[in-house]
């Protein structure tokens, strides 16, 4: 019986990751995001809010919506960085979010095929763990040394994007303060799909960092390792079902029986409601 429960638990945990989140329904067309297709070199940082996503887990791919069919394919050299961040906007062109090599999820050539009017997918080299609490930064470094104009669909969001671009100077993602080309805050954010990996479960934190009891639980769940932060509870389909702040116990009696994941800035732990 115990073995059967463990198998069921693992299966439900994997299902929780099988989800694609779509952010943005704008119909506007732009060359500014997801990167500047009108410049030889560009670097953009876009912010997607936790309230847009409402999901925690490993992101394995990202999709952007191209606006038109083109007669020829376009190939570009990209480095993509993802990062959990607390900021919700950019206040000025110099207000960038620093990224490091640890934030790199994709490095290589991305080809947009000809005669395609659809979502374009970039599969990551390394899945990225989004914690479901912070906002998500997507930074794209475009290094092709040429340009091939493509329009993408976007949604207008004030202060959502930071754009650095130039035909001669290539922004250094690790030293953005030295860039001397065009810098601007853009009120456009690319319509995006985040593809969560159904084959990579949410890694639970060690018990000495974050633990809950009793588990399974009927009514009140107690939390250790929590200190004045936001606690989010997700069901087996990845939906946000409960959120509390600055508490060491949760009333879960109103939840349906099943497997849930608690996500905090310190990590993730699962529990069973019976």
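The values are calculated or read from the model by the stated rules, or taken from the named source; none is laboratory data. The model shown is predicted, which means the values in this text are computed figures rather than measured ones. Reconstructed Cβ throughout: ideal geometry from the backbone, glycine too, with neighbour counts over all protein chains shown.
One residue alone among 109, 155 is in contact (Cβ under 8 Å) with a residue 24 or more places away in the chain, farther than 19 Å from residue 96 by Cα and surrounded by fewer than 17 Cβ atoms within 10 Å (Cβ to Cβ), and that residue is 109. When the range 134-174 is filtered for residues that are closer than 21 Å to residue 105 by Cα and outside any strand (DSSP E or B), the ones remaining, listed by number, are 134, 143, 144, 170, 171, 172, 173, 174. Within the range 73-81, is there a residue that is in a loop (DSSP other than H, G, I, E, B), exposed (fewer than 14 other Cβ atoms within 10 Å of the Cβ) and either modelled with pLDDT of 95 or more or touching a strand residue (DSSP E or B) at 6+ places or on another chain (Cβ under 6 Å) (or both)? Yes, because at least one residue in the range 73-81 is in a loop (DSSP other than H, G, I, E, B), exposed (fewer than 14 other Cβ atoms within 10 Å of the Cβ) and either modelled with pLDDT of 95 or more or touching a strand residue (DSSP E or B) at 6+ places or on another chain (Cβ under 6 Å) (or both).
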